[in-house]
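Novice: Before I ask anything, here is the structure I am working with.
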Amino acid sequence: MKTYWNTTEGLSQLQEWQPNCWIQVTCPTDEDQRELEERFGIPDYFISDISDTDERARYEYDDGWMLIILRIPYVKEVRSRTPYTTVPLGIIHKRDVTITVCYYETNMMIDFLSYQQKRNEGFTDHVDMIFRLFLSSAVWYLKRLKQINLLIDKAKRNLDKEVNNESLIGLSRLQDSLTYFQTSIRGNETLLSKLKFKLQIDELDADLIEDVNIEMTQARETTNIYSNILESTMDTYQSIINNNMNTVMRTLTSVTIIMMFPTLIASLFGMNLINGMESSHFGFLFALAISVGVSALAWWFFRYKRLI
């Protein structure tokens, strides 16, 4: 899907391309890719790099064209192994052509459009637009981190009631998501620090970059905090599981030892040897009483030692 936006006076949609407009491309098809390459002369590997889900945040120049790849947060389907992850957003620019390409439909870009339309100011130039995309990505990282924190609290409440595999697997998947966030945010920060010296920045852009740095730093520190909390929580519940397992094994061992005494006594009195009780009418009751007494004494000893 291709959309043309007029960025000079607010953010209004255009029917066709005009110089200095913004071309937003979402989930492009092969036909869209060929059209962009043939019409504007974009290097073919630019869009191919953007389509790579694992492409890192970076910038590149080729024959006057500038490619910036920014990592933005993305929410997968509920049953995904990593519900929260990051995807590449490509920004392509040359003179009067500015194109953004993303192979995923994200809430961040929908909110970015809505917010800019409410501002009704548009962008001063492509540099202003680039750094506002950086700012929006940092804000959305913080929003997703709040959602992850709520999921962590929910899983911890469930684990407080019962330690089950479903909640532990959920925490493990959230840990994977935080790892993706940490890597992507660090990459975006490195990219931002390089672009400050590569792009022509005026005073307004400098103020915007400062805001972006603040939001990026907050997102990175928040991700680190949640990651440390989650890692500590996983270690705690792992220790609880191991302790419960040790308690069960200790109890089973104690019960096995207690049950061994009646078997031993019955074996001794059941041997084919003379023991003075062959003709006694109370021989069975005597052996039974000894078994019960020894077992009770062993049970008391294990209880005294808190082994059962």
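The values are calculated or read from the model by the stated rules, or taken from the named source; none is laboratory data. The structure presented is a predicted model; accordingly, all values stated were derived computationally and were not measured. Neighbour counts run over all protein chains shown; Cβ positions are idealised from the backbone, glycine included. Accessible surface is based on the protein model in full, side chains and every heavy atom, while ligands, DNA and RNA are left aside. Shrake-Rupley method; radii C 1.70, N 1.55, O 1.52, S 1.80 Å.
Novice: What's the FRET efficiency of Thr179 with Asn158 using the Cβ-Cβ distance as r and R₀ = 35 Å, to the nearest 0.05?
Specialist: 0.95
Novice: Please name which of Leu288, Phe301, Met259 has its Cα lying farthest along the dipole of the chain towards the positive end, using unit charges on Cβ (Lys, Arg +1; Asp, Glu -1) and the Cα centre as origin.
Specialist: Sorting the options by dipole projection puts first Leu288.
Novice: Cα centroids of segment 29-46 and segment 111-129: how far apart, whole angstrom?
Specialist: Going from one Cα centre to the other spans 25 Å.
Novice: Another question about this same structure. Extending each Cα 7 Å along its Cβ direction at Thr190 and Asn20, get the distance between those two points in nm, one decimal.
Specialist: 3.6
Novice: Listed here are the pairs Lys2/Lys94; Lys118/Lys154; Lys156/Lys305; Lys76/Lys154; which of them are more than 26 Å apart at the Cα?
Specialist: Over 26 Å apart, Cα to Cα: Lys118/Lys154; Lys156/Lys305.
Novice: While we're on this one: State the extension gain, in nm to one decimal, for the chain segment bounded by Asn224 and Asn165, taking 0.36 nm per residue of separation less the distance between their alpha-carbons.
Specialist: Gain on stretching Asn224 to Asn165: 18.7 nm.
Novice: Further question on the same structure: What net charge is computed for the residues neighbouring Trp299, neighbours being all others with C-beta under 13 Å from the C-beta of Trp299, Lys and Arg scored +1, Asp and Glu -1?
Specialist: +3
Novice: With every protein chain kept in place and ligands, DNA and RNA left out, what is the accessible area per residue of the chain? Probe 1.4 Å, answer in Å².
Specialist: 58
Novice: How much FRET efficiency would the formula 1/(1 + (r/R0)^6) give for Leu307 and Arg81, where r is the Cβ-Cβ distance and R0 is 45 Å, rounded to 0.05?
Specialist: 0.60
Novice: I'd like the Karplus ³J(HN,Hα) series for segment 282-290: coefficients 6.51, -1.76, 1.60, θ = phi - 60°, whole numbers in Hz, and an x wherever there's a Gly or Pro.
Specialist: 10, x, 5, 5, 5, 5, 5, 5, 4
Novice: How far is helix 126-161 tilted, in degrees, relative to the longest principal axis of the Cα atoms in the chain, given as a value from 0 to 90 rounded to the nearest 10?
Specialist: With both axes taken from Cα atoms, the answer is about 10 degrees.
Novice: While we're looking at this one, here's another question. Taking the Cα atoms only, what angle lies between the long axis of helix 30-40 and the longest principal axis of the chain, rounded to 10 degrees?
Specialist: Orientation of helix 30-40: about 30 degrees from the principal axis.
Novice: Tell me which of Asn149, Leu208, Val97 sits at the most positive position along the dipole axis of the chain, charges placed on C-beta atoms (Lys, Arg +1; Asp, Glu -1).
Specialist: Asn149
Novice: Name the most mobile residue of Asn246, Asn224, Asn272, meaning the one with the largest mean-square fluctuation, in a Gaussian network model of the chain with Cα contacts below 10 Å.
Specialist: Fluctuation is largest for Asn272.
Novice: Can you give me the three principal axis dimensions of segment 1-138 from its C-alpha atoms, in Å, biggest first?
Specialist: Principal axes ranked by extent give 43, 35, 25 Å for the Cα atoms.
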